[in-house]
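Any read-out appearing in this document is the output of simple, stated calculations on the displayed coordinates, not a laboratory observation. Predicted, not measured: the structure shown is a model, and the values here were computed from it.
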Amino acid sequence: MKIQAPPEWGIEPVPESHRILNFPDYFALWSSLGVGLLVLLAGTLLVPGLGLGQALLPFSSAALSAVCCWPSLAWSAATRPSPRW
């Protein structure tokens, strides 16, 4: 099997037929990123100072904001082509 170089489109947007990610893929990507960055990183900073009981409220609000905000970004990325610069 010979490895082929990918096609080069330059600065043109990727054609619709070659886009393989759709809304569920972007949703999974951005929601896992949001939970990973917001909740886990915040936990390393808050739990030692507040204790686990008091730190659960910021954890839950960060997770809720990630669940509410990141899907809109996923929808935008899934439905719009790359910007032309």
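Helix 52-79: angle to the longest alpha-carbon principal axis of the chain, degrees 0 to 90, nearest 10?
With both axes taken from Cα atoms, the answer is about 20 degrees.
Would you calculate the convex hull of the Cα atoms in the chain and tell me its volume per residue in Å³?
Enclosed volume per residue, from the Cα hull, is 162 Å³.
Working out 0.36 nm times the residue gap between residue 76 and residue 47, then minus their Cα-Cα distance, what length gain in nm do you get to one decimal?
Between residue 76 and residue 47, full extension yields 7.0 nm more.
For residue 14 and residue 68, calculate 0.36 nm times their separation in residues minus their Cα-Cα distance, and state this gained length in nm to one decimal.
Using 0.36 nm per residue and subtracting the Cα-Cα distance, I get 16.6 nm.
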